[in-house]
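Contents: one structure, followed by commentary.
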Amino acid sequence: MFYFETMFLFMIIGFLVIVLLYFLSLKFKNHKSKINKVIGSIVFVLMTIGWYAFFYGYESKVEANSRNDLKKIDQALISKIKLQNGMGLSGEQIYNSQEINDKKSILEIFKFLKRIKRVKAHHSSPKKKITMSFTYKDKLYKYTIGKDSVNRDEYWVMIYNGWCKGDPRDKKNYRASISNVEVGRVQTESLPTVLNEFMKSMKY
């Protein structure tokens, strides 16, 4: 759900209430100070609601657009998917990588990804994270897929943003900056075979 419309409606209603209270303060001058306090309180509440609605709405819109972009990808135009872990993510010390070239596995992965949806947040986090990358229409896409720490049949899908330099086993010289922006979750009892096998091969 997008919240800009809600924010705009609150602003209009709040503006009308403030105008009404202002004219009441002119008419009932004995109560002007109390009415002004009420106006101040309403302005504060509206500003708080407005900023919350704006930022939450913006975040929701970005996530929705990212989900739509993912669902629009034509997997028939993708010839290779690269799976990798140990990209500087917290706690990961070992590189694993695998290239997926066969169309059947690529189709299976995208059937999984295109089941993505928005799931209400709960107190959990992604674990067993895989970085998945592929090129589509001359653009490089990178996603992180992580198994939910609480719900065994839920998987996080995030846009991967980051870089790493050096070998993560070399703690002295290794440098990394990772930022994963959540796109949504996939709820399924069966992970695609190739992803499931890759997760099992990860040694952490």
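The values are calculated or read from the model by the stated rules, or taken from the named source; none is laboratory data. All values reported here derive from a predicted model rather than from experimental measurement. Positions of Cβ are backbone-derived with ideal geometry, glycine not excepted, and every protein chain shown enters the neighbour counts.
The rows are residues; the columns are (1) touching a Phe, Trp or Tyr at 6+ places or on another chain (Cβ under 6 Å); (2) at pLDDT 65 or above; (3) within 30 Å of K103 (Cα to Cα).
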{"position": "S149", "(1), (2), (3)": "no, yes, no"}
{"position": "R152", "(1), (2), (3)": "no, yes, yes"}
{"position": "G184", "(1), (2), (3)": "no, yes, yes"}
{"position": "P192", "(1), (2), (3)": "yes, yes, yes"}
{"position": "E197", "(1), (2), (3)": "no, yes, yes"}
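Restricted to segment 114-128, and to residues there that are within 22 Å of N68 (Cβ to Cβ) and free of Cβ contacts under 8 Å to residues at least 60 places away in the same chain, the residue that is surrounded by the most Cβ atoms within 10 Å (Cβ to Cβ) is P126. For segment 129-139, the criterion of being surrounded by 12 or more Cβ atoms within 10 Å (Cβ to Cβ), modelled with pLDDT under 85 and within 22 Å of R67 (Cα to Cα) is met by at least one residue.
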